[in-house]
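Accompanying notes for the structure given below.
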Amino acid sequence: MTYQDAQAKLLAYVRDRIHNGEFTERGLARLIGISQPHVHNVLKGVRNLSGEIFDSMLEHFQLSLLDLAAAEELEASLWKRRTSERAVEAPVLASPVGPGWGWQAGLDRRRHFPLPFPALAVPPELVMARLVADPAMRTRLASVDIALLDVSERATSEIAPEGLYVVSVGGEGLLRYIRPGAQHHYLATDSNLDRPIEWERLNLSAAELSSAVKARVRWVGRERDRNLPLAQRGRFLEEPISR
């Protein structure tokens, strides 16, 4: 409800009280300390309702701004606030993800980070992971240090070309794109995405590949922004998750 909405509702309330014979324009003018012609012009919309007169009317009729809003409006506003900013926090992996770190699925029970979308509870397939800087992924991961990972079987088995995945290779858990080939799958990075000849070939069977893909990255952001509004904490890499 805007200030103009509040003014319109207050004036409608006052007009109704006058039409019902509960008091007159002259009496109202005397009570709030202004002239009767001024009250008349305000009620007719000829003169603007100043903030001082607005407050005087509220005080005289023992009203607050909340009294000017319908119960349905208040309930809708409260529901919107609760669902849009509900701060449910996801667990964080004990070990970071990136060069020099092997994939570890264990959780740090002392650390949590707010989900980047409204939710009543944390879906069991979602975890947060701290990111180690990776020179090969500077384009997409510049300035971010935390990611929301989807570790569900569907996310790790249904490989999508637009997806960014955590892949366990050479003893490290790395964020990479996965590209299919005639006989093999390949790992691509930001630095060589447009040069297939430089992609890293994976000599893995379908079952081994499924085991090597540990998670799909859904969102990336910065730990220091945890208390900012949802839209300012980071960015989704695909469509936002709806729960």
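FYI, it's all coordinate maths here, none of it is from the lab. Because the structure is predicted, anything quoted here is derived from the model rather than measured. Quick reminder, even Gly has a Cβ in these numbers, built from the backbone with ideal geometry, and neighbours come from all protein chains shown.
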Assign one of three labels to segment 120-224, namely rounded, prolate or oblate, based on the Cα gyration tensor with a ≥ b ≥ c the square roots of its eigenvalues; rounded applies when a/c is under 1.5, prolate when it is not and a/b is larger than b/c, and oblate otherwise. oblate
With Cα extents along the principal axes in Å in mind, check [x] 67, 40, 38; [y] 52, 40, 38; [z] 91, 38, 27 and report the label derived from this structure. [z]
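With a sphere of radius 15 Å drawn around the Cβ of residue 37, what net charge do the other residues whose Cβ falls strictly inside it have (Lys, Arg +1; Asp, Glu -1)?
Numbers: positive: 26, 30, 44, 47; negative: 25.
My count for the surroundings of residue 37 gives +3.
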Given charges at beta-carbon only (K, R positive; D, E negative), |dipole| of the chain in Debye: 260
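Using the Cα gyration tensor of segment 3-69, with a ≥ b ≥ c the square roots of its eigenvalues, what is the shape: rounded (a/c below 1.5), prolate (a/b larger than b/c) or oblate (neither)? Display every interim value, and only then the final one.
On the way: a/c = 1.41, a/b = 1.24, b/c = 1.14.
It is rounded, given that a/c, with a ≥ b ≥ c, falls under 1.5.
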In nm, to one decimal, how far is the modelled label at residue 232 from the one at residue 105, with both set 7 Å along Cα→Cβ? 3.8
With +1 on each Lys and Arg Cβ and -1 on each Asp and Glu Cβ, how big is the dipole of segment 3-69 about its Cα centre, in debye rounded to the nearest 20? 280
Starting from 0.36 nm per residue, how many nanometres of slack lie between residue 62 and residue 208 once their C-alpha separation is accounted for? 45.3 nm
Going by average Cβ density within 10 Å per residue, which order do the peptides 113-126, 19-32 take, highest to lowest? 113-126, 19-32
Summing -39500 (n - 2.57) over every DSSP H run of at least 4 residues in the chain and dividing by its residue count gives a helix-only mean residue ellipticity at 222 nm, to the nearest 500 deg cm²/dmol, of -8500 deg cm²/dmol
